[in-house]
Amino acid sequence: MSVEIYKSFSNSKDYGFKDQITRSSLSIASNIAEGLEKDSHKEKVRFIEISRGSTAELTTQIYIGIEIGYIEKSTGLKWAKEASEISKMLHGLKKSYISKGIQ
């Protein structure tokens, strides 16, 4: 999804919006990767939570992008659905760490 967003905004002249939406999309995967490399399970959970926050941020930006005409509605709704699915997967991953008593 991050790659699609980067490609979609490659020619955007609104550098503020472009920077914000591409950063939040990249932050999701980056925080997952960084967190899973941590030794402490508590830190892993913290980075999962940060990643979930980035999915919420991205979803907000997608809906704003749709409303201001920067993102085609069908594309934006697809991305928002993907972000929601990622958030649910991250929530499940977090719960699995917590249910094992690892926090």
Open item on the list: Could you tell me the relative contact order of the chain? Use alpha-carbon pairs under 8 Å, at least six residues apart, and round to a whole percent.
Closed with: 26 percent
Task: Gained length - Ser99 relative to Lys78, 0.36 nm times residue gap less alpha-carbon distance - done: 4.4 nm
Open item on the list: List the residue ranges in the chain for DSSP H helices whose C-alpha atoms run 27 angstrom or more along the long axis and whose Kyte-Doolittle average is -0.5 or above.
Closed with: 15-36, 41-67
TODO: Check each of the trypsin sites (Lys or Arg not before Pro) in the stretch 1-93 and keep only those in coil by DSSP with at most 15 other C-beta atoms within 10 angstrom; list them in order.
DONE: Lys13, Lys38
TODO: Report the charge-dipole magnitude of the chain in Debye, nearest 20, computed about the Cα centre from +1 at each Lys and Arg Cβ and -1 at each Asp and Glu Cβ.
DONE: 320 debye
Task: Excluding exposed DSSP-loop GluC sites (Glu not before Pro) (at most 14 other C-beta within 10 Å), longest clean stretch of the chain - done: 1-36
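Quick note: the coordinates plus some simple rules give every number you see, no bench work behind them. Since this is a predicted model, take the numbers as computed values, not measurements. We place every Cβ from the backbone using ideal geometry, glycine too, and count neighbours over all the protein chains shown.
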